Amino acid sequence: MSGFQTLFYKELLRFWKVSFQTVLAPVITALLYLTIFGHALSGHVQVYPGVGYTSFLVPGLVMMSVLQNAFANSSSSLIQSKITGNLVFVLLPPIAHWEMFFAYVLASVVRGLSVGLGVFIVTIWFIPMSFSAPFYIIAFAILGSGILGTLGLIAGIWADKFDQLAAFQNFLIMPLTFLSGVFYSTHTLPPLWRAVSHLNPFFYMIDGFRYGFFGLSDVNPLVSLGIVGAFLAVLALIAVRLLASGYKLRH
C-alpha cells in the first residue's frame, strides 16, 4: 500500500472503531434538534411557499452534521497524535505532504457523509422529502465536508492542546454553522443582517445543499457552488503549505 492508502485506511479505522460515538451519537443529536425546533416552530414560521418548516429543517440539519463531523475528524486526529506523541510515526515514513492532506481530508469527508446519510435516512421515516436537483445535494455535501475537513486539518496543525482546538471550534466553527441558515432562511432577515449572512461561506454550503431538495434558494446555486469551490481551493492551498513547511509538526 502507498503512504496515502495506509494513512487513509488508518484514519477510517480510527473513527469507525468507535462509530457509536462518531456516527450514531451525532445522528441522535440531529434528531433532537429536529424534534425540538420542529415542534416549537412548525406552523409559526414560513420559509418557502409550499415547504413546511420541519421539511425545511432536514437539509440544514443534515448539512450541519456533515460539516461538524468532518471538522471533528481531522482536527481530533491531529491533536490526539500531537499530545500522545505518536505523530512521529506519521512523519517518519516517506509520505508526501499532499498524501497526508488527502488522507486526512478524505477520511473526514467519509465520516461527514456517513453521519449526514445517517441523519437523512432516519429523518425521512418521519418527514417525506423530495429531490429537485440531486447533483447539488452531492456536490455541496462533498465540497462542504472537504472544506471542514481542511479547516479541521489547519486547526489541528495550529493547536497545541485541546483547549486551543475547543476555542477554534466554539468561537469560529459553531457560530458560522448556526448563523448560516440551518434553522431559518436569510430572506426573512432584515437587509443588514441578510448582507452580513452572505459574508459567511457556510451559508452558501447550506443554501446550495437545500436547493437540491426544494429547487428553491436564497442565492443562485451556481454562484454558491463557485464560492464554495473557491473557498475549498484557498483552504487546501493553505493546509498543503503548512504541511510542507512542517509548521508545529516537525519544528
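The values are calculated or read from the model by the stated rules, or taken from the named source; none is laboratory data. The shown structure was predicted, so the numbers you read here are calculated from the model rather than taken from an experiment. Backbone-built Cβ (ideal geometry, glycine too); neighbour counts: all protein chains shown.
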Query raised in the report: Given G85, G52, G3, which one is on the phi > 0 side of the Ramachandran plot and surrounded by fewer than 18 Cβ atoms within 10 Å (Cβ to Cβ)?
Result: G85
Query raised in the report: Restricting attention to segment 60-112, which residues are touching a residue at least 12 places away in the same chain (Cβ under 8 Å) and not in a helix (DSSP H, G or I)?
Result: L87, P93, P94, I95, A96
Requested in this report: Filter segment 132-154 down to the residues that are of a type in the set (A, V, I, L, M, F, W, C) and more than 18 Å from M64 (Cβ to Cβ), then identify the one that is surrounded by the most Cβ atoms within 10 Å (Cβ to Cβ).
Outcome: L153
Query raised in the report: What single numbered condition from (1) of a type in the set (F, W, Y); (2) buried (at least 24 other Cβ atoms within 10 Å of the Cβ); (3) free of Cβ contacts under 8 Å to residues at least 24 places away in the same chain fails to hold for W193?
Result: (2)
Report summary line: The number of residues in segment 184-206 that are touching a helix residue (DSSP H, G or I) at 6+ places or on another chain (Cβ under 6 Å) and either part of a loop (DSSP other than H, G, I, E, B) or under 13 Å from A133 (Cα atoms) (or both) is 1
Report summary line: Only unsatisfied item for V182, checking (1) surrounded by 21 or more Cβ atoms within 10 Å (Cβ to Cβ); (2) at pLDDT below 95; (3) touching a Lys or Arg at 6+ places or on another chain (Cβ under 8 Å); (4) not polar (S, T, N, Q), is (3)
Report task. Answer yes or no: is there a residue in segment 222-245 that is among the polar types (S, T, N, Q) and free of Cβ contacts under 8 Å to residues at least 40 places away in the same chain. Result -> yes
